[in-house]
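For reference, the structure discussed in these notes is given below.
The values are calculated or read from the model by the stated rules, or taken from the named source; none is laboratory data. Keep in mind that what you see is a predicted model, and the values were worked out from it rather than measured. Here Cβ is always computed from backbone atoms with ideal geometry, including for glycine, and neighbour counts include all displayed protein chains. The area values use the complete protein model at the heavy-atom level, side chains included, leaving out ligands, DNA and RNA. Shrake-Rupley method; radii C 1.70, N 1.55, O 1.52, S 1.80 Å.
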Amino acid sequence: MSGDVYRNYINGQWLEGQKITTNLNPSDTSDVVGQYAKADADDCVAAIASANKAFDSWSQSALEARKAILDMIGDELIERKEEIGAILAREEGKTLAEGIGEVGRSGQFFQYYAAEVLRLMGENTASVRPGIDVEVHREPLGVVGIITPWNFPMAVAAWKVAPALAYGNCVVLKPAELVPASAWILAEIISRSGLPDGAFNLVMGSGREVGEKLTSSAGVDAITFTGSVDVGRHIARNCIENMSRIQLEMGSKNALVVLNDADLQSAVDCAVAGAYFGTGQKCTASSRIIVESGIHDEFVSKMTEAMGKLVVGNSMTPGVHIGAVVDERQLLQNLKYVELAKEEGAELVQGGERLHLETDGYFMSPALFINTSNEMQINRDEVFGPVACVIKVDSYEEALEVSNDSDFGLTSGIMTTSLKYASHFKRHSKSGCVMVNLPTAGTDYHVPFGGRKSSSYGPREQGQYARDFYTIIKTNYSKPY
Ligand code: NAD
């Protein structure tokens, strides 16, 4: 294999594979982002073994050393966010600004968990029996297998790798096949951070081979996965076989409620940003826009007007608002859902077409449907593209009911100037994150993130709550003499 191939990182060494993956820019398929060594099941076994070998040393490492390593990784990501963000945008299709933003955010995850290293306090309490002390404290869990999707190729890896290492665990990271470049860059930075060999491993392989091996191996103590529901369910079954701990972040069908008393312009801005930015390829995207009848017509007219100003194009072109769809398969799936919605009787008011632009890529105009009902398939399935549907309702109560009527429950939002409805919605919305007068997409890194129903399974990610997944609790009893 030629020296131009980016390799897997196992046991502190950069290793070739038997095959390669060619990483293409979805905004311009003549642009090759790079050639990446494809890991196989044997590479995965080697990575798991090296992570287990490194565990003794990393789990016992001094807290200041651990903090310094995480700080170094975070600082370098932030310093190089423009350069790395451009590569991320080229491999995933999101706009350059979004790519740079994602790399900056990834750095913040490392900086945040660098500080958290020093905050892992335990508890000390009296026993129910006289003369006995009780301590409850958290220990590193072991080897964590991390499986990530293509839509946030750097951020999802960062929000899992940073707490895993911060709490003293060793890692085997398997990124999505479509986007190895961002994970490889993260691995390259980590390889220079001073982490012991084997404490972090990168295996860039297929879900079917490498993912399967990682999730069915007894040498892995926990699996954290972000991706689709079907794969998540399958992984959970594998993990239970080995009694490995599981954390799953999966699909969504997020609702944004717009009430009659909403500020119209804010409602339109939040709906457009939530539904279409990131090419709609966000697990937090607003795909169901539930609008009260009194504001419905005005809202639809203003939203259509705002959509008309959105520029779809090559992710690297300045002024582009909506980049490319990640690949041909996803684009065809989006278009299939547009056709399905029409067949179901939904009315397409704007977009929903494949666009052929200057560069050969996977472009699609953002689609808005009206006259849809929550029972339609288009409002039940996750599309994962720039497609949103308006559902007209007659009251706040109906809006809440429709919003909660979904198999998913990741984020939800309400646009209103009424404290009464905002407060009620925060209490009664059956989702993991509720937004008031904000887009359903866009979260902070220092607080928990996750959903309900088929959107999430297991402990929350991010913030201090991440320690519930990445640590194991020990209770010590002692009788001092
Ligand atoms: P996917 O499920 O196809 O793949 C996700 C990862 O799982 C990839 O790395 C893939 O190679 C791997 N995989 C596939 N089959 C596997 C198997 N049998 N065993 C182990 N690993 C396997 O998802 P995707 O298409 O990459 O991403 C899109 C999905 O991710 C959407 O459903 C989206 O909602 C979800 N997502 C959720 C969140 C969240 O936080 N809830 C965030 C981002 C994306």
Tell me, which strands (runs of 3 or more DSSP E) wholly within the stretch 262-376 include 1 or more residues that are among the basic types (K, R), in contact (Cβ under 8 Å) with a residue 40 or more places away in the chain and buried (at least 23 other Cβ atoms within 10 Å of the Cβ)?
286-292
Which of the numbered conditions does R245 fail, given that it passes all the others? Conditions: (1) within 12 Å of the ligand (Cβ to nearest atom); (2) of a type in the set (D, E, K, R); (3) open to solvent by 40 Å² or more (accessible area, probe 1.4 Å); (4) in contact with a Leu (Cβ under 8 Å, 6 or more places away or on another chain).
(1)
State whether one or more residues within the stretch 55-77 are in contact with a strand residue (DSSP E or B) (Cβ under 7 Å, 6 or more places away or on another chain) and of a type outside the set (G, A, S).
yes
Enumerate the strands (runs of 3 or more DSSP E) found wholly within the stretch 107-215, keeping only those where 3 or more residues are among the charged types (D, E, K, R).
133-140
Counting only residues in the stretch 440-481 that are part of a helix (DSSP H, G or I) and more than 16 Å from the ligand (Cβ to nearest atom), the one least open to solvent (accessible area, probe 1.4 Å) is identified as Y470
Could you say which residue among V210, V220 is of a type outside the set (S, T, N, Q), buried (at least 24 other Cβ atoms within 10 Å of the Cβ), within 26 Å of Y6 (Cα to Cα) and more than 9 Å from the ligand (Cβ to nearest atom)?
V220
Across the stretch 417-439, the tally of residues that are assigned to a loop (DSSP other than H, G, I, E, B), farther than 23 Å from D407 by Cβ and of a type in the set (S, T, Y) stands at 2
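Residue-by-condition table, conditions (1) farther than 28 Å from L264 by Cβ; (2) modelled with pLDDT of 95 or more; (3) over 27 Å from the mean Cα position of the chain (by Cα):
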| residue | (1), (2), (3) |
| --- | --- |
| V402 | no, yes, no |
| T417 | no, yes, yes |
| K430 | no, yes, no |
| D444 | no, yes, no |
| Y470 | yes, yes, no |
| Y481 | yes, no, yes |
